[in-house]
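The structure appears right after this line, and notes come after that.
FYI, it's all coordinate maths here, none of it is from the lab. Quick caveat: nothing in here was measured; it's all calculated off a predicted structure. Cβ coordinates were reconstructed from backbone atoms using ideal geometry, including for glycine residues, and neighbour counts include every protein chain displayed.
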């Protein structure tokens, strides 16, 4: 489901007035990205499910105190998610790696396709682990959570330009590790042409 | 590309890298439909619960139920101390007002007297002592009120005193003696007080003096001995206290002049009472001539002196056989 920023603000306002259905719509829009971000951060699927749910319960609790003040709701929600993950990381040390995460491949895939997929996923996971923590978080927020550079900067508490630099270097590192060479399609465009 | 260019440019991953990262997210990071349903159901339940009860919390969603707290469990030490101080202050204020109201002349004075009367012991002797103590207390209240110039309190205390000594008339035996001596002492105090009493209390003092005189007479008659019948010891008339009946200091007082008999009678009687008869004298001092009279009991026989064997026995008496032996 794709909704624009104005619709999100209206849903947020309705949810603040106590409309559960409006909050349900926000949940439907943000649950997938939040779960991806949390899963990328904590690794264990069961933890990711619990933490993603906790993020929305905390959002429900804190929503009456939410004020836009130029901060997009997505940035506010992912900052909540980031704090939840940080709290979880502080209390639990036995994190499973992404290699142990069960893969959800298409049911039509055969054994050979599954083997290739697993190898590709392992390579991506390895490349991600080689990034610096900030580069990896910038990639997780930009590509897995689908946030804009501004929202990512808001979540990470950094300047937007800093986030762009982190993202640029992370992409270069991933290309290098994954053997992807397509400089013609990767030419930088002026900021503002994309979200 | 330098840092500035990286900051203003939108870095693109490229089609292949975006597709790879998208596939990675879909395969390893996306929630399953079951996970999504579970999470949605839990979150919506919490959302609806909050709509019903806006004070609900995350803990409530996790099954937390508030524990019923005990009474005063939330009270802090400071709150408890403040409450205790307030309670003590209220208690002191209430106690002070009750005490003030129960003083002589106060609205609760008669109630206090009645309560004290209810608490009297049942044993006759102990009861007389307690009633004497009550009368003494009433007298002290009257003296104190007179000193303050409080006519109303003085009259109330004197009325209570009259009631207290009226109860003493039933005393008998040693209790009556004690009561009589005490009332005499009270009377001396009343006479002393009457000298400087305010005009408003004069009537009450007069009644108290009359009543005390009547009680003294009653106690004296009831005991079978006239008042002041030889037991007018110095303690009776003024056992170390000023005044006393017939003392010079009391004569000029109005009360003393009102009752001349009362002031003179007790002190005169001990002086008038002659010494009792001499029936006790023979027992105390034996007659020295009694031993020489022949018809009376012979004197005890003296033991012979061993150093004087030639001593002869008395006339008309045979020597003892032991004495006749060589």
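Per-peptide packing, taken as the mean over residues of other Cβ atoms within 10 Å, places B:90-99, A:36-45 in the sequence A:36-45, B:90-99 from highest down. Approximating the spin labels as points 7 Å out from Cα along Cα→Cβ, the residue A:134-to-residue B:120 distance works out to 10.1 nm. Computed over the alpha-carbon atoms, the stretch A:111-179 gives an Rg to Rh ratio of 1.07, Rh here being the Kirkwood radius from the mean inverse distance. The ranking of B:159, A:19 from fewest to most other beta carbons within 10 Å of each one's beta carbon is A:19, B:159. In this rough spin-label picture, where each label sits 7 Å from Cα along the Cβ direction, the residue A:9-residue B:85 distance is 5.4 nm. For the pair residue B:76 and residue B:16 in one chain, pulling the backbone fully straight at 0.36 nm per residue adds 15.0 nm over the alpha carbon distance. Taking the alpha carbon gyration tensor of the stretch B:74-185, multiplying each eigenvalue by 5 and rooting it gives semi-axes of 38, 19, 10 Å, largest first. Projected label points at residue A:19 and residue A:46, each 7 Å from Cα along the beta carbon direction, are separated by 3.9 nanometres. Ranked by how many other Cβ atoms sit within 10 Å of their own Cβ, fewest first, the residues A:3, B:128, B:113 fall in the order A:3, B:113, B:128.
The mean of 1/r over all distinct Cα pairs in the stretch A:1-96, once inverted, gives the Kirkwood hydrodynamic radius of 13.8 Å. Of the peptides B:42-49, A:113-120, B:134-141, A:8-15, the ranking by mean beta-carbon count within 10 Å, highest at the top, reads B:134-141, B:42-49, A:8-15, A:113-120. The calculated Kirkwood hydrodynamic radius for the stretch B:109-166 is 11.6 Å, given to one decimal from all distinct C-alpha pairs. Dimensions of the stretch B:18-57 along the principal axes, based on C-alpha atoms and rounded to the nearest Å, stand at 46, 18, 11, largest first. Look at B:146, B:77, B:169 and count the other Cβ atoms within 10 Å of each Cβ; fewest to most, that gives B:77, B:169, B:146.
Can you compute the label reach from residue A:118? Point 7 Å from Cα along the Cβ direction, backbone N cut-off under 20 Å, restricted to the stretch A:32-69. It comes to A:43-46, nothing else.
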